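In what follows, a single structure is set out as structure tokens and then discussed.
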Amino acid sequence: MTRSLRLAGRQALLEQRSFWRSTEYALFTFVFPLMILLLIGAANVGSYLPGTDVKNTTVFVPSILAFGVIVAAYVNLGSKMAVLRHDGVLKRIRTTPLPSAAYLGGLLASTVATVILITACTGLIGWLAFGAGPRSAGLPALAAGLILGIVCFATLGLAISSVITSAESAGPIAFASFLPIAIISGVFDPTFSGLPGWLSRLVTAFPVRALAQLLQGAYAVRPFPAWDLANLALWTAAGAGFVAWRFRWHT
Amino acid sequence: MADTRVIDEAPPAVIDSPAVQVRGLRMSYGSTEVLRGVDFDVRYGEVFCLLGPNGAGKTTTLELLEGFRRPTGGTVRVLGLNPSTQATKLRDRAGMVLQECGFPRQARVAELINIWRGYYPNPRPLGELLELVELTEVRGNQVRKLSAGQRRRLDFALALAGDPDLVFLDEPTTGFDPEARRRCWAAIENLRRLGTTIVLTTHYLDEAERLADRIAILRAGRIELAGTAHEVAAHAGLATRICFTTPSALRRGQIALPEGVDLAVRGPLSVCHTDNAAMTLRTLLDWAVDNYLGDLDGLTVTAPSLEDSYLQLTGADGDHQ
């Protein structure tokens with residue numbers, strides 16, 4: 001057990017080093033959300049949600065937190081896993097006595113580290129630039145949202161990696177399967193409300209807005225997010241089932 | 001360089017049982033029978049080569065030995081273990097080089113080898129590994145910047161990281177240029193000198209002949225022949241060829257042909273084929289002495305080559321299996 005933990009730790013360190021060496025991954029994961037945060041955030045300064053005294057930026061900053069979590073856990077982990085599988089790295093790992101759990105644990109630990117870092121950056125910049133910080137009473141909601149978000153989207157990342165058929169398409173597929181939903185979920189636009197009824201009901205079914213709303217609950221007072229919690233739990237269960245069914249160590 | 005075999009230094013208990021024992025091995029994918037009863041042993045400290053055309057079942061055999069698949073029938077013992085049920089134990093002691101396995105894209109050479117060393121209970125020192133596969137100069141390079149030959153040698157280094165007793169190499173030099181192959185071979189010969197048992201597959205004859213102590217020719221899911229390169233050639237029923245410059249007396253018909261030897265005079269060259277080279281040579285040399293021919297000029301004895309026997313075995317329909 002201790003050996004597995006030690007091995008997982010070393011694996012996580014290697015993954016983190018590789019992540020920072022791979023400029024495209026690092027840039028995409030960090031700079032992109034922060035850029036969106038600053039650009040769209042600047043356009044919303046001084047605006048309030050219609051009919052409330054809640055600033056746009058107060059819900060926009062946690063939306064971008066959710067965006068960062070999803071990029072790191074779903075897009076990054078999912079495409080990385082697909083690349084590792086198609087490059088034969090996973091198969092090679094199977095030729096060693098390294099327990100599978102230690103290897104996957106290392107990958108997940110590295111993903112968690114990235115999420116924590118990006119959350120801290122986004123939160124800090126959101127606070128410095130727009131004065132939007134979490135309520136002290138909202139901190140448990142923030143922690144719960146981050147943990148649930150990582151678990152749910154990392155599981156979905158592993159799931160999507162199993163349906164990606166080439167290393168080249170890994171990044172685009174992972175990203176394309178998420179970005180449209182992020183847009184209609186209003187992640188980039190706090191006042192977004194122009195959806196037809198059926199589409200806004202559909203959006204409610206996806207986990208992107210659920211995570212965004214959970215995190216928004218840490219910044220602004222919101223009703224208890226029962227559906228959002230259930231939504232993430234259901235998607236996690238569905239993703240885990242799919243992973244158990246389709247996960248392969250080689251192509 | 002002296003070909004020292006470390007087998008004598010291995011503990012006696014180890015020598016008694018073979019490193020790999022395969023009996024009646026069968027494997028089917030659906031209704032396709034890939035292996036139809038394969039038997040062979042690999043001794044400790046030897047380089048054993050499975051030679052055969054593409055599709056003969058070499059990789060399947062190796063995957064069964066490595067525990068990646070479960071055989072349809074027969075038994076496999078590797079280092080005394082059953083690969084399909086004791087895979088983790090086996091991986092502690094056996095290194096594997098698969099065909100076309102990638103590396104993590106951003107890792108550096110020494111860093112990756114070190115990570116791999118961490119997977120094993122008794123790893124081999126980093127410097128030794130780098131030297132063994134001639135990668136010391138590129139130890140700090142990113143893996144994706146290595147040449148194909150260097151990548152394959154890094155494959156070796158990773159397979160050797162745990163100081164294994166046995167190494168599997170699946171077509172180690174397929175698709176390489178001559179220089180890359182030569183350095184690959186050098187790495188394998190370094191390994192052999194350390195006493196590591198090696199099981200390799202190849203469809204290159206020269207590779208088998210150069211590296212292997214013993215060869216098994218696999219064709220259409222069966223072992224056709226097994227033994228040293230020389231034995232394989234001899235068992236294939238091919239004759240040794242003896243030639244010499246035809247003595248002028250014989251050419252002019254002044255002396256009779258030797259008795260009991262199937263000698264053909266082809267102008268300036270006399271040729272005979274024999275299954276018993278020693279006996280034939282003795283007869284020829286006695287005949288030469290009796291007829292005052294001295295030592296036969298231009299005398300050459302050519303053993304049947306592995307290539308001859310391989311082509312004879314696999315030539316007709318081997319490639320279509």
In range of the label at B:Val289: residues from the stretch B:229-265 whose backbone nitrogen is under 17 Å from the point 7 Å along Cα→Cβ: B:258-259
From the mean inverse distance of alpha carbon pairs (Kirkwood) and the Cα radius of gyration, derive Rg over Rh for the protein assembly as shown. 1.18
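Provide the FRET efficiency to the nearest 0.05 for the A:Ala238-B:Thr300 pair, computing r from the beta carbons and using R0 = 45 Å. Don't skip to the answer; put the middle values down first.
Details: r = 75 Å, r/R0 = 1.68.
About 0.05, to the nearest 0.05.
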Along each of its three principal axes, how wide is the spread of alpha-carbon positions in chain B, in whole angstrom units, largest first? 78, 49, 41
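Using helices alone, I'd like the mean residue ellipticity at 222 nm for the protein assembly as shown: each DSSP H run of four-plus residues gives -39500 (n - 2.57), total over residue count, nearest 500. Numbers along the way, then the final one.
Numbers: 25 runs with 286 residues, N = 572.
Counting only the DSSP helices, I get -15500 deg cm²/dmol.
Taking each residue of A:73-84 in turn, how many C-beta atoms of other protein chains fall within 10 Å of its C-beta, and what is the average?
Numbers: counts 0, 0, 0, 0, 0, 0, 0, 2, 0, 0, 3, 3.
Neighbouring Cβ atoms belonging to other protein chains average 1 per residue here.
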If amide H atoms are built 1.01 Å from N in the plane of the peptide, which residues on other chains or at least 5 residues away come under 5 Å of the amide H of B:Glu224? B:Ile217, B:Leu218, B:Arg219
Quick one: check the C-alpha center-to-center distance for the stretch A:14-65 versus the stretch B:39-55, whole angstrom. 59 Å
With labels modelled as points extended 7 Å from the Cα through the Cβ direction, what inter-label distance (nm, one decimal) is found for B:Glu189 paired with A:Glu168? 4.1 nm
Reduced Cα scattering model of the stretch B:228-280, Debye log10 I(q)/I(0), q = 0.16, 0.27, 0.29 Å⁻¹: -0.54, -1.06, -1.15
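Taking the mean number of other Cβ atoms within 10 Å as a proxy for protection, how do you rank A:51-60, A:20-29 from highest to lowest?
Output ranking for A:51-60, A:20-29: A:51-60, A:20-29.
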Shape parameters for chain A, alpha-carbon atoms, Rg then Dmax in Å: 18.4, 62
Expressed as a whole number, the average count of other chain Cβ atoms within 10 Å around the Cβ atoms of B:95-105 is 6
Using the Karplus curve 6.51 cos²θ - 1.76 cosθ + 1.60 with θ = phi - 60°, what ³J(HN,Hα) values do you get for each residue of the stretch A:112-128, in whole Hz, with x for Gly and Pro? 4, 4, 4, 4, 4, 5, 6, 5, 4, 4, 4, x, 5, 5, x, 6, 5
Report, in whole Å, the centroid distance computed from the Cα atoms of the stretch B:116-176 and the stretch B:201-262. 37 Å
Once you list every other residue whose beta carbon is under 15 Å from the beta carbon of B:Ala234, what net charge do they have if Lys and Arg are +1 and Asp and Glu are -1? -4
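Where a number appears in this text, it was derived from the coordinates with a stated rule and is not lab data. Being a predicted model, the structure only gives us computed values, none of them experimental. Using ideal geometry, Cβ is built from the backbone for each residue, glycine included, and neighbour counts are taken over all protein chains shown.
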